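S.K.: Structure provided below as structure tokens; questions to follow.
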Amino acid sequence: MARQVQKLTLDDKQKNEIQKEIFVTIRLIDMVEKCAQLSDDKIAPEKYDSEIRKLLEKLENLLSKIPNMTAIQFAKEYNLEDCKFGLDRIKLGPPKKQGTQIQLVKELSQMFHRIQDQIFMANDIIKVATFRPLVQKLIELIERTERELPKYDSYLIQLKQFNDKAFNRELMDTLTEMEVQEFSTLIDTAMQAFMGAQY
């Protein structure tokens, strides 16, 4: 008697493809976690954070296409329980952005000090060419803190207003005496507010 071969329906084929992708994604999550935790040449915090979040988001999307299926159940069914690092990360969810946040706090603190040093060395002669890029970078960093860190009174609006007023001039222009005083006070005040946030 001839053996009958069961044909896969379109739904079956799609399900098989999804299961293959889930399998590979869990393995990848495990590899990234092992690299981050065990490798001598560890992944940079920013790259790790980005990669692991993408993989976790992809896994969640794939699992949503199979009713009543979790990553842990899938790992048991398909012999992925050796992916301990990956499964632990899946249970915990996306990592807290601690590494990225620490770097941001460090960069902003350094920028405040750099501008203060430049103001001191300028001896009240504040050139647009020197300070425009510094102030623009400062504003970019503060905008990041507003997105990524707990809220505080950052003086961002005041800094933007002063930047538009004082630094949108010819590069060889200098600030007036009153503008220098206003600028110095604003930088000091914004820095004190940042330091007082206790990040």
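S.K.: Considering each of 160, 151, 106 in turn, give the residue that is over 30 Å from residue 24 (Cα atoms), surrounded by 13 or more Cβ atoms within 10 Å (Cβ to Cβ) and of a type in the set (D, E, K, R).
M.R.: Result of the check over 160, 151, 106: 160.
S.K.: Continuing with this model, one more query. Every residue in the stretch 52-68 that is open to solvent by 90 Å² or more (accessible area, probe 1.4 Å) and part of a loop (DSSP other than H, G, I, E, B), please.
M.R.: Within the stretch 52-68, 65, 67, 68 meet the criteria.
S.K.: Collect the residues in the stretch 121-148 that are among the basic types (Lys, Arg), over 23 Å from residue 172 (Cβ atoms) and surrounded by 13 or more Cβ atoms within 10 Å (Cβ to Cβ), keeping them in residue-number order.
M.R.: The answer is 144, and nothing else.
S.K.: Residue 125 is checked against (1) part of a helix (DSSP H, G or I); (2) in contact (Cβ under 8 Å) with a residue 12 or more places away in the chain; (3) over 17 Å from the mean Cα position of the chain (by Cα) and fails just one. What number does that condition carry?
M.R.: Condition not satisfied by residue 125: (1).
Residue by residue, here is whether (1) part of a helix (DSSP H, G or I); (2) under 30 Å from residue 159 (Cα atoms); (3) within 14 Å of the chain's Cα centre (by Cα) holds:
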position: 28; (1), (2), (3): yes, no, no
position: 34; (1), (2), (3): yes, no, no
position: 79; (1), (2), (3): no, no, no
position: 89; (1), (2), (3): yes, no, no
position: 94; (1), (2), (3): no, no, yes
position: 101; (1), (2), (3): yes, yes, yes
position: 105; (1), (2), (3): yes, yes, yes
position: 109; (1), (2), (3): yes, yes, no
position: 117; (1), (2), (3): yes, yes, no
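The values are calculated or read from the model by the stated rules, or taken from the named source; none is laboratory data. Owing to the predicted nature of the structure, the values given are computational and were not obtained by experimental measurement. Here the Cβ is made from the backbone with ideal geometry for all residues, glycine too, and neighbour counts use every protein chain on show. Side chains are part of the model used for accessible areas, which takes the heavy atoms of the whole protein and leaves out ligands, DNA and RNA. Shrake-Rupley method; radii C 1.70, N 1.55, O 1.52, S 1.80 Å.
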